[in-house]
Amino acid sequence: MLKRPDGDSLQIGPTRTVISALRKTPSTEGQLHSGTMEQPLFPDIGVVAHVQDAWGSCWQARHQVLWRLSRYFRVVWMNPPHNWWDGFTHRIPTRDHSATISQSGFSIYDPEWWLPSIYRPNWLKALIFREHLRRARRQLIRQGCTTTMLSLWRPNFATDWSSVPFDFRCYHIDDEYSFSPVEMPIGANEMQLLKEANQVFVTSRALLEKKGWVNPNTSFIPNGVAYEAFSTPQAEPLDLVPVPHPRIGYAGFLKEQLDWPLILKLSTEHPDWSFVFVGPVSARPAVRTMLEQLRNRKNVYFLGEKPAPLVPAYVQHFDACVMPYRQDDYTKYIYPLKLHEYLASGRPTVGTRIRSLEEFSDVVVLPSTPAAWSKTLEEVLTPAANTLELRAARQAVAKRHDWDVQVGMMASTLIRNIAPERLPLLSEVFLPGLPQEKMNQASTVRIGAPPARDAAFAAKGTVRNASVLVNQDASGKGVIPAVGPVLLVSPWYRPAVGGVVEVAERLHRTLREAGVETHLLIAHGESGGLIADQKIPNFWRLASASAAFDRLSFKSLIATFLKGTLAFWRLKRFVRRYKFRTVMLLYPISYSWLFLLLRRTTNIRLIASLHGNDVTKFETYGTSSQWLIRQVLCHSDAIIGCAGHIVRKAQEIAGDRPLHLTLIPNCVDSNYFCTSPPYFTRTDSRPTFVHVSNFASKKRTVDIVEAFADPRVPVNTRLIMVGDGPERLAACERARTLGVLDRTEFVGMQSDVRPFLWKSDVFVLASDDEGAPLALLEAMACGLAWVSTPWGPAAMLPSGECGLVVPAHAPGQIAAAMAEIIQDPERYRAMGRRARHRAETDFREDVYVQRHLDLICVVERSQGSHPGARTPVAGARKPGVVPADTIAEESS
């Protein structure tokens, strides 16, 4: 039974005074334009939130998030069911929601008395859980929701969360759910959630490192604060008035993870200080025992749990705020909710040196020993620690973490996955957390649509408007070349393997935007036939049967012949059905033999697009693979190379036979990859290096770690390593061995790397073999200088213009370049500006696509005497010649 909140206040305490206070709190009023919001921004999208605690309980992060999320979507908060024995004793407690603030997007679901909480048998427990979800979802549909999301905040029901047909599933990790002081592996239930979720949100960097690698769609959004409530001065609470100054205050859950021996020692050594605790108490015996010892002290005050709107008044009247946590394998993962609440009040803050607080060491003092705690508290109680400047600095940090900002980012992430075509509405109507004077500016900020690698983006069939994708006629109007249909073929799709996946997706999207009928075919080596993907337009998968070219043997020859015959028959029918005129092979390796045969028996034109190891590792391949690559080069109508050394290598493989080679450098979407927008705030001011890759052996990530650990690199710098792959553990272990793990963040796979680029200063690449790395171009578009081995832009641009070029296999020289560039902020910022300019002018996406269109047009217009005849392509470049409109490439 779903009860809509029909009152005008929020049920968080026993008195109407409390309710009235909350109603007047600015941070709890949702506004989109100039008045109170009457309905969510996207009323047809609904969220069922399974959170395992009642709405009227003490507010935690989930209360803050889901209440504000109802400004964007309809939200149903699922209260926990009643205990099964209450039905027999007729003592089912009544939950009054009449005191809930009226907001049309938010409602509460109370499970019926005949659907109680049951622990055994498991099948009945699961059945009741599914029924709860169905009923909550059904109510969203009655309210007009056509898209429904499940928001799960605990891993308990992992085995059953997919049993109800939600369109999108989101898993929130706001704690280390093992709650173990000793490091524990990810549990089976949670691992299932991480793998199956469409989107994962984590609140701490340590949790991101531990669990972010499982699901590429994982976003780090830390806890926030109701800034206006904690920063607006409030009257001193009556029960705090009798407590003498100075007051050392803690506001939060009194739990086992606090360092109770430290608190006991401090209260004993400083009897003239008042230690004040505001918050509920854990029922654990160890906590109760420790509290009994403290209650006997005259300078220790336990004021009990307070309603959420009254907590700011207590914090504001502390003389110093503390976060005295134990240091163990649990607390290293937490992100205290009270951190930004303390800072918003402007009060001096002292905390244990745990991972999440170290990032804020400029506004939070972090003593390491009990003696240091005493000395630190003495210092923060002095007037010098309470100046207006220091207070403003603390509040500035908190303001950047306002809950409105954090939830706005979360809503943006969800919309980007569910309905990316509606992102402009989100950016134009409501960018939360921005100062009023920046709202007009913010309304024009483009929260970039996700790159085509996002499955939901492709599934919706949404495309972005291209810029200049076509030629101009005499009147200046665009003229789309009469080309196509075009078939793009790639050996990979997901998981992403290098930049070829992004190239395939970009061309698939942008050629369609230019009006060319385009299909993308993934030629894989597994079993199966030719299958269409129903979620992505014009997307296909083909079992290519290429075992003989991967490992030559009598068995593989027979298998390739038998399976390949069937695959070729399917492929030929497919090509005839859609009347393809051009086939472009991206990274043409073993799968390409079928298309060579197709080229010999039909009128299609064949373009080979080379991207790196497909030709640079030619000498390491077996005889059959070498033969096949040579045949592809010699029998393609045109060959594209993304870098000069690839073009030269292709000609070297072909020998004296002339090839129709064209150099088309990779590009970057400089609208999506851009300098940090106004709504993004960098919280760590330390000079920062960043690396993004798949951690393959050729990326030489261990070299980067060794260079970073070099004594010449300043110790106040940090390194962010984005991505996952075979070398990640080795790099992490090397950082531990060299003693720089505390300054190195391994954040795992990320669906959106831009936030990590925005919070960095210099991009580092140490690869010993590349084509034209897209990660380097993306960093340039985000305005970063670079230290790179000579690949892609680093081989094409003069060293010193946008970054420093270093040789491969030379950690010492990489370290020297890193030290040189990071010690001169003006220099690397100037390099970053020039890098951004290069990305916008020389590596533009529209120019990249236009070059492909021009080449396809030339290839299709070439005439052959018979199917499969080898004909020269008019306009294709001669070996060794680079088009005039391409940047002159340095020798690599």
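The values are calculated or read from the model by the stated rules, or taken from the named source; none is laboratory data. The structure presented is a predicted model; accordingly, all values stated were derived computationally and were not measured. Note: ideal-geometry Cβ built from the backbone for every residue, glycine included; neighbour counts use all protein chains shown. Surface accessibility is based on the protein's heavy atoms, side chains included, excluding ligands, DNA and RNA. Shrake-Rupley method; radii C 1.70, N 1.55, O 1.52, S 1.80 Å.
Assorted remarks:
Condition check ((1) closer than 30 Å to Leu776 by Cα; (2) open to solvent by less than 20 Å² (accessible area, probe 1.4 Å); (3) out of contact with any Gly (no Cβ under 9 Å at 6 or more places or on another chain); (4) modelled with pLDDT of 85 or more) across all residues:
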residue: Gly499; (1), (2), (3), (4): yes, no, no, no
residue: Glu502; (1), (2), (3), (4): yes, no, yes, no
residue: Asp550; (1), (2), (3), (4): no, no, no, no
residue: Phe554; (1), (2), (3), (4): no, no, yes, no
residue: Lys572; (1), (2), (3), (4): no, no, yes, yes
residue: Arg577; (1), (2), (3), (4): no, no, yes, yes
residue: Phe580; (1), (2), (3), (4): no, yes, no, yes
residue: Phe595; (1), (2), (3), (4): no, yes, yes, yes
residue: Ala608; (1), (2), (3), (4): yes, yes, yes, yes
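- For the range 115-129, the set of residues classified as in a loop (DSSP other than H, G, I, E, B) and out of contact with any helix residue (DSSP H, G or I) (no Cβ under 7 Å at 6 or more places or on another chain) consists of Arg120, Pro121, listed by residue number.
- Matching residues in the range 662-711 - criterion: being open to solvent by 30 Å² or more (accessible area, probe 1.4 Å) and over 28 Å from Val363 (Cα atoms): Asn671, Asn694, Ser697, Lys698, Arg700, Val702, Glu706, Asp710
- Every listed requirement among (1) closer than 20 Å to Thr376 by Cβ; (2) crowded, with 21+ Cβ neighbours inside 10 Å is met by Arg326 save one, (2).
- Where helices (runs of 4 or more DSSP H) sit wholly within the range 739-835, those with at least 3 residues that are over 30 Å from Leu414 (Cβ atoms) occupy 793-796, 811-822.
- Within the range 577-614, the set of residues being without any contact (Cβ under 8 Å) to a residue 60 or more places away in the chain and under 18 Å from Ile531 (Cβ atoms) comprises just one member, Arg577.
- Pairs, first under 18 Å from Val713 (Cα atoms) in the range 812-836, second open to solvent by less than 10 Å² (accessible area, probe 1.4 Å) and assigned to a helix (DSSP H, G or I), C-beta under 6 Å, six or more apart: Ile814/Ala707; Ala815/Ala707; Met818/Ala707; Tyr828/Ile821
- Taken over the range 715-741, the criterion of being open to solvent by 30 Å² or more (accessible area, probe 1.4 Å), within 23 Å of Gln823 (Cα to Cα) and either touching a Cys at 6+ places or on another chain (Cβ under 6 Å) or in contact (Cβ under 8 Å) with a residue 24 or more places away in the chain (or both) is satisfied by Val715, Asn716, Leu738, Gly739.
- Test result for Gly725, part of a loop (DSSP other than H, G, I, E, B) and either closer than 20 Å to Glu359 by Cα or touching a helix residue (DSSP H, G or I) at 6+ places or on another chain (Cβ under 7 Å) (or both): no
- One residue stands out in the range 153-209 among those that are open to solvent by less than 30 Å² (accessible area, probe 1.4 Å), among the hydrophobic types (A, V, I, L, M, F, W, C) and part of a loop (DSSP other than H, G, I, E, B): the one that is nearest to Trp55 (Cα to Cα), namely Trp153.
- Applying the condition of being within 21 Å of Val615 (Cα to Cα) and either surrounded by 24 or more Cβ atoms within 10 Å (Cβ to Cβ) or among the basic types (Lys, Arg) (or both) to the range 777-818 and asking which residue is modelled with the highest pLDDT yields Thr789.
- Test: residue in the range 66-75 that is farther than 26 Å from Phe253 by Cα and either assigned to a strand (DSSP E or B) or at pLDDT below 85 (or both): yes
Quick grid of which residues meet (1) of a type outside the set (Phe, Trp, Tyr); (2) assigned to a helix (DSSP H, G or I):
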{"residue": "Pro588", "(1), (2)": "yes, no"}
{"residue": "Trp593", "(1), (2)": "no, yes"}
{"residue": "Ser624", "(1), (2)": "yes, yes"}
{"residue": "Leu628", "(1), (2)": "yes, yes"}
{"residue": "Leu633", "(1), (2)": "yes, yes"}
{"residue": "Ile646", "(1), (2)": "yes, yes"}
{"residue": "Asp656", "(1), (2)": "yes, no"}
{"residue": "Pro665", "(1), (2)": "yes, no"}
